[in-house]
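Only one structure is covered here, and it is reproduced in the block below.
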Amino acid sequence: MASEFSTYTKEELITKLKKQKNFFIIKIVVILLMVVFAIFSTIENGTSFHTFLPLFFIPMSIYMYVDIKNIKKELALRK
């Protein structure tokens with residue numbers, strides 16, 4: 001089965017990998033800030049929407065991490 005990245009050139013893969021890494025770092029920082037905010041919000045106001053908000057973004061980050069690993073694997077196959 002062909003990889004979803006097999007149609008990209010090597011340069012496009014390198015560019016996509018850099019973008020994905022930057023977005024992943026930004027997303028992790030935002031999730032960590034949301035977790036801190038959720039903890040303080042829960043302590044002050046009890047359970048609310050803000051308590052569970054980070055849980056919505058964690059699966060997206062996991063998918064992005066798997067995507068980064070797949071891009072690296074595709075680049076390793078091309079060397």
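No lab work stands behind these numbers, since they all come straight from the coordinates. The structure presented is a predicted model; accordingly, all values stated were derived computationally and were not measured. So basically every Cβ, Gly included, is an ideal-geometry build from the backbone, and we count neighbours across all protein chains shown.
Estimated purely from DSSP H runs of n ≥ 4, each contributing -39500 (n - 2.57), the mean residue ellipticity at 222 nm for the chain is -30500 deg cm²/dmol once divided by its residues. For region 4-74, the set of GluC sites (Glu not before Pro) satisfying both a DSSP loop assignment and a count of at most 16 other C-beta atoms within 10 Å is given as E4. The charge dipole of region 18-78, taken about its Cα centre with unit charges on the Cβ of Lys, Arg, Asp and Glu (plus for the first two, minus for the last two), comes to roughly 540 debye. The slack between L55 and F24, meaning 0.36 nm per residue of separation minus the straight C-alpha distance, is 9.6 nm.
Hey, what's the per residue convex hull volume over the C-alpha atoms of region 18-78, in cubic angstrom?
Working: hull volume 3.4 nm³, N = 61.
Each residue corresponds to 56 Å³ of Cα convex hull volume.
When the Cα positions of T15, I62, A76 are compared along the charge dipole of the chain, A76 comes out farthest toward the positive end, with charges on each C-beta of Lys, Arg, Asp and Glu. Contact order for the chain, expressed relative to its length and based on alpha carbon pairs under 8 Å spaced 6+ residues apart, stands at 41 percent. With respect to the chain, whose longest principal axis is taken over its alpha-carbon atoms, helix 10-45 is tilted by about 10°.
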